[in-house]
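This report refers to the structure that appears directly beneath it.
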Amino acid sequence: MSVEKFKYDNKIVKYFLIASVLFGVVGMLVGLLAALQLAFPAFNFGIQFTSFGRIRPLHTNAIIFAFVGNAMFAGVYYSLQRLLKARLFNDALSWIHFWGWQLIILSAAITLPLGITTSKEYAELEWPIDIAIALVWVVFGANMIGTILKRRERHLYVGIWFYLATFITVAVLHIVNSFELPISFLKSYSLYAGVQDALVQWWYGHNAVAFFLTTPFLGLMYYFLPKAAERPVYSYKLSIVHFWSLIFIYIWAGPHHLLYTSLPDWAQALGVAFSVMLIAPSWGGMVNGLLTLRGAWDKVREEPILKFMVVALTAYGMATFEGPMLSLKNVNAIAHYTDWIVAHVHVGGLGWNGFLIFAMCYYMIPRMWRTELYSKRLANTHFWIGTLGIIFYAIPMYVAGIVQFLMLREFNEAGMLQYPNFLETSIQIKTMYTLRSFGGLLYLVGVFVMIYNLVKTAQKGSFLAEEAAEAPSLQDAHIAKDFHWHNVLERKPVMMTILALIAISIGGLIELIPTFMVKSNVPTIASVKPYTSLELEGRDIYIREGCNNCHSQMVRPFRFETERYGEYSKVGEFVYDHPFLWGSKRTGPDLAREGKKMNDSWHYEHMLTPGLISEGSIMPEYPWLYEQSIDYSKTKDKINAMRTLGVPYEKGYEEQAVADAKIQADSIVAHIKTEKNINAKPDREIIALIAYLQRLGVDIKTPISEAESNNETIK
């Protein structure tokens, strides 16, 4: 038997780890600022680049793609080499991957505060960056698959199954969701409209959580937990069932984000059914991880790494129980659009992803620097501070969510809404927002404790960039005597990848194809017309400012919503909306029927000083909208693009679009002058935004008969 000598590449792992921690601190600081803005609006600073609507997507992208993403790559590259007994396929690909990913993160950090966004949750980056993401992701996949093909270990360990499923699924999700029609270098419109856009986005959005924040970290758990505990995985058979059932079922669950919306009932029902089934494979992974520690609980008490992992798995179990529960329509009616969802997401993010990343850092850095951890006491301190941070974050948000729902649905003895003004709920839960901020601060303090501990660890050690290793060649590799049918797949990585692709494609195809191919699923309404050119410009400003991060545009068919907002939303209302703007959280009231509820001067004053117009408002001020002029330079291109996407603008309208916009702007300015004797300027962005807000819902504000309602007034 020949033994081959080679070296593991620790340098690329080191760089990804450093990037993860640094960007993690930045992302958490931005998150803390956003949390403070909801409790204390002054923290918006009156600056457009730091307003909540712009930094909220900056926070989510920094945490998901910079903090978690870089940590994922570090963990995958560290474990992949050791599981396969092979150096990474190509050093150049490793560094292209690293620097390409950091440039993408830098691009996000620049464009999002500038208001350059598609508005689609977790997919806000514009089309050139989307292309860059796809290219860098392919580099990562090529490096990983190349390493697998040159392996010296015959069987693929369970963690690698999850890595392969992550690569193939994220590629599919990203590409399908990123189909856009470019208007300019940094502006595009979604290829999909309305309900189709919503379904694709949450097919992506839910499964971005599944296949970027979950499956790769399950793979990492299957490597680092047994290594740290020095025990084998509890059940090989359970890991097989866990893997295949998880990747097959997860992809169907996206519609549970759209319950009680205008999404067709059949799609909602599929989302609910598969979401409920999802609890079994999810808990299969948690149980497999926790039972790996059977008989090692004394070690858990002593080792901070294992403490972090136990809480990570527990948080994963909580989040994956809560997800299916929230998919039940009666529970979803309570939680959706409230802060309950914020709590749910952060239990997973802070507990599952965050704590597993911390455990990985504490495991890898002492080994790569060939020394012991500087201080277990500091690591334990970090653990308890971080755990308290999660508690102080999550519990107030659960309370806030329930308070929101109970107040919004309350009717008095006369059958009228007890709290007709949405603002009353915002004022009531400000204390919860303050406590949430304190929890986030605690969590961040714990991260700084970890950084200090790891820096001191590195200082007392010596980094080993090229770690010597040896193993038999693949031809001489040991073949297990205990044969299992799944061993066949484990020896055929290409076949396993193809089967994973088939497993994740079935659910997506069954949900998406009927929505696009069957016209009766997306009927039109005769009274719904395309936006005027000024309204279209105003809509783009609304998207730029991230208004959809706080306001929904979807009235659900509940009496407490129709009494507050008006007629429930119909699928045909949104056929010209590229992208859709249904929203996922109500920090402010729904705006689907906002048009003509208030006069133009009210909107003019409200956007400038919301706290004066609505006492107690936590909405930021937008003074720059009164200073910046409307950019009509791309209006013609926007009209042409919308026509390409199927919006029925008359032929030649693009030539008169700017003139029409100026006429409508003059009309709004005249209204403001008549109503409040305010001399507004017709070329300012606030005028375009008012035009858009006043259009919302007016096309179907007239009462709809039962017959018309059932038939959606189909043309």
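The values are calculated or read from the model by the stated rules, or taken from the named source; none is laboratory data. Computed from a predicted structure; not experimentally measured. Glycine also receives a Cβ, built like all others from the backbone with ideal geometry; neighbour counts cover every protein chain displayed. When the accessible area is computed, the model is the full protein with side chains, heavy atoms only, and any ligands, DNA or RNA have been set aside. Shrake-Rupley method; radii C 1.70, N 1.55, O 1.52, S 1.80 Å.
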With +1 at each Lys and Arg Cβ and -1 at each Asp and Glu Cβ, the charge dipole magnitude of the stretch 393-501 around its Cα centre, to the nearest 20 debye, comes out at 220 debye
To the nearest 0.05, the calculated FRET efficiency linking TRP624 and LEU149 through their beta-carbon distance, R0 being 45 Å, is 0.25
Protection proxy (average C-beta count within 10 Å per residue), highest first, orders 574-581, 501-508 as 574-581, 501-508
A correct Kirkwood calculation over the Cα atoms of the stretch 382-452 returns a hydrodynamic radius in Å of 13.6 Å
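Taking only C-alpha pairs under 8 Å that are 6+ residues apart, what is the relative contact order of the chain in percent?
Details: 1165 pairs, mean separation 125.8, N = 715.
After rounding, I find 18 percent.
May I ask you to give the solvent-accessible area per residue for the chain, in square angstrom, as obtained with a 1.4 angstrom probe? List each step's numbers first, then the result.
Numbers: 27630 Å² over 715 residues.
Using a 1.4 Å probe on heavy atoms only, each residue of the chain averages 39 Å².
How large is the helix-only mean residue ellipticity at 222 nm for the chain, computed as the sum of -39500 (n - 2.57) over DSSP H runs with n ≥ 4, divided by its residue count, in deg cm²/dmol to the nearest 500? Before the final figure, lay out the partial values.
Numbers: 29 runs with 436 residues, N = 715.
One gets -20000 deg cm²/dmol as the mean residue ellipticity at 222 nm.
Given a Förster radius of 25 Å and the C-beta distance between ILE506 and TYR236 as r, what FRET efficiency does 1/(1 + (r/R0)^6) yield to the nearest 0.05? Let's see the in-between values first.
Numbers: r = 26 Å, r/R0 = 1.02.
Calculated transfer efficiency: 0.45.
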Looking only at aspartates and glutamates whose Cα falls under 18 Å of LYS329's and that sit 8 or more positions away or on another chain, we get ASP265, ASP339, GLU561
The stretch 619-654 and the stretch 521-593 have their Cα centres apart by a whole-number Å value of 17 Å
Between the residues SER426, LEU612, HIS155, the Cα farthest towards the positive end of the dipole of the chain, that dipole coming from +1 and -1 charges on the beta-carbon of Lys, Arg, Asp and Glu, is from HIS155
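Of the peptides 320-326, 412-418, how do they stack up when ordered by the mean number of other Cβ atoms within 10 Å, highest first?
Values: 320-326: 19.3, 412-418: 10.1.
Result, highest mean Cβ count within 10 Å first: 320-326, 412-418.
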Counting only protein heavy atoms and leaving out ligands, DNA and RNA, the solvent-accessible surface of LEU186 at a 1.4 Å probe, in Å² to the nearest 10, equals 60 Å²
So, with points 7 Å from each Cα along the Cβ direction, the ARG82-ILE451 label distance in nm works out to 2.6 nm
Given a Förster distance of 35 Å, the FRET efficiency implied by the Cβ-Cβ spacing of ALA269 and ILE175, rounded to the nearest 0.05, works out to 0.80
Extend 7 Å from the Cα of TRP283 along its Cα-to-C-beta direction; within the stretch 301-336, residues with backbone N under 20 Å of that point are 310-332
Contour minus Cα-Cα span, GLU650 to VAL494, at 0.36 nm per residue, comes to 51.0 nm
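Leaving ligands, DNA and RNA out of it, report the carbon-plus-sulfur percent of the accessible area of the stretch 140-233 at a 1.4 Å probe.
Details: 1560 of 2350 Å².
Using a 1.4 Å probe with all protein chains present, the stretch 140-233 comes out at 66 percent carbon and sulfur.
Over 24 Å between Cα atoms: which of LYS529/LYS570; LYS187/LYS681; LYS237/LYS299; LYS150/LYS237; LYS585/LYS662; LYS11/LYS150 fall into that group?
In this structure, LYS187/LYS681; LYS237/LYS299; LYS150/LYS237; LYS585/LYS662 exceed 24 Å between Cα atoms.
Please grab the % of Cα pairs in the chain that end up more than 48 Å from each other.
Values: 47028 of 255255 pairs.
When every Cα pair of the chain is considered, 18 percent fall beyond 48 Å.
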About its Cα centre, the chain carries a charge dipole, from +1 on Lys and Arg Cβ atoms and -1 on Asp and Glu Cβ atoms, whose size in debye to the nearest 20 is 2340 debye
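Roughly how many debye, to the nearest 20, is the charge dipole of the stretch 202-358 about its Cα centre, given +1 on each Lys and Arg Cβ, -1 on each Asp and Glu Cβ, and no other charges?
Numbers: 8 positive and 7 negative charges, 70 e Å.
Rounded to the nearest 20 debye, it is 340 debye.
How far, in nm, would the chain grow between ASN90 and PHE6 when pulled straight, counting 0.36 nm per residue and subtracting the alpha carbon separation? Mind showing how you got there, number by number?
Values: separation 84, 0.36 × 84 = 30.24 nm, distance 1.35 nm.
28.9 nm is the gain from fully extending ASN90 to PHE6.
At a 1.4 Å probe, what is the % contribution of carbon and sulfur to the accessible area of the stretch 253-392? Mind dumping the intermediate values first?
On the way: 3400 of 4860 Å².
Of all accessible area on the stretch 253-392, carbon and sulfur atoms account for 70 percent.
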Length gained if ALA465 through ARG294 is fully extended, taking 0.36 nm per residue and subtracting the Cα-Cα distance, is 58.1 nm
The simple spin-label model distance between ASP683 and ALA42, using points 7 Å out along Cα→Cβ, in nm, is 3.7 nm
Between the modelled labels at ARG559 and ILE402 (7 Å from Cα along Cα→Cβ) the distance in nm is 2.4 nm
Percent relative contact order for the stretch 15-84, counting Cα pairs under 8 Å at least six residues apart, stands at 49 percent
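Over the stretch 332-430, what is the relative contact order in percent, taking alpha-carbon pairs closer than 8 angstrom and at least six residues apart?
Values: 63 pairs, mean separation 38.1, N = 99.
Relative contact order of the stretch 332-430: 38 percent.
Please list ARG231, ARG559, ARG593 in order of solvent-accessible area, largest first, computed with a 1.4 Å probe with all protein chains present. Working shown, then result.
Working: ARG231 80, ARG559 125, ARG593 5 Å².
Of ARG231, ARG559, ARG593, the descending order of accessible area is ARG559, ARG231, ARG593.
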